[in-house]
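K.L.:
Can you read through this structure? Questions will come right after.
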Amino acid sequence: QVQLVGSGGGLVQAGGSLRLSCAASGRTFSSYAMGWFRQAPGKEREFVAAISGSGRSSTYYADSVKGRFTISRDNAKNTVYLQMNSLKPEDTAVYYCAASTHIPTFMSGGSWGQGTQVTVSS
């Protein structure tokens, strides 16, 4: 069980950038896989990016954000980041950070932050 607090959302124009942060509590943070998901109005929550735990820090991205977004983690700060560049209006959504024992179990057994709104204008 880990507590997550996401922040960093805001309103930007298309082509702009934002960096989301997710601060976690818990002494076992480094062992968790961390991920970012997003949910637009009327749509299902979808995977955005993930980074593995336990020292490997392998990264994974949805095709829609590959090359534009970068996920990273700072285990010393118990924080995961999502750097979002070249933002598009279709990136508009509430972004949620998540933690799980391993990447395939985010949806079934992960812990979730409260979400932060990202709005990209045309």
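K.L.:
With all protein chains present and a 1.4 Å probe, how do I51, I103 order by accessible area, largest first?
P.N.:
Correct descending sequence by accessible area is I103, I51.
K.L.:
A further question on this structure: Can you tell me the alpha carbon radius of gyration of the chain divided by the globular rule-of-thumb value 2.2 N^0.38 Å?
P.N.:
Scaled against compact globular proteins, the figure is 0.98.
K.L.:
Just to confirm, what accessible area per residue do you get for the chain at 1.4 Å probe, in whole Å²?
P.N.:
Heavy-atom accessible area per residue stands at 51 Å².
K.L.:
Follow-up question, since we're still on this one. Let me have the relative contact order for the chain, percent, based on Cα pairs under 8 Å that are six or more residues apart. Before the final figure, lay out each step's value.
P.N.:
Values: 307 pairs, mean separation 43.6, N = 122.
Over the chain, the number comes to 36 percent.
K.L.:
Top mean-square fluctuation among L11, L20, L87, Gaussian network model of the chain, C-alpha springs under 10 Å?
P.N.:
Between L11, L20, L87, it is L11 that shows the largest mean-square fluctuation.
K.L.:
Can I ask one more? First compute the accessible area of the chain with a 1.4 Å probe, then give the percent of it belonging to carbon and sulfur atoms.
P.N.:
48
K.L.:
What longest range of the chain stays clear of loop-exposed trypsin sites (Lys or Arg not before Pro) (DSSP non-H/G/I/E/B, at most 13 other C-beta within 10 angstrom)?
P.N.:
So the longest stretch without any such site is 67-122.
The values are calculated or read from the model by the stated rules, or taken from the named source; none is laboratory data. This is a predicted model, so every value here is computed, not measured. FYI the Cβ positions are ideal-geometry reconstructions off the backbone, even for glycines, and counts take in every protein chain you see. SASA here: full protein model, heavy atoms, side chains in, ligands and nucleic acids out. Shrake-Rupley method; radii C 1.70, N 1.55, O 1.52, S 1.80 Å.
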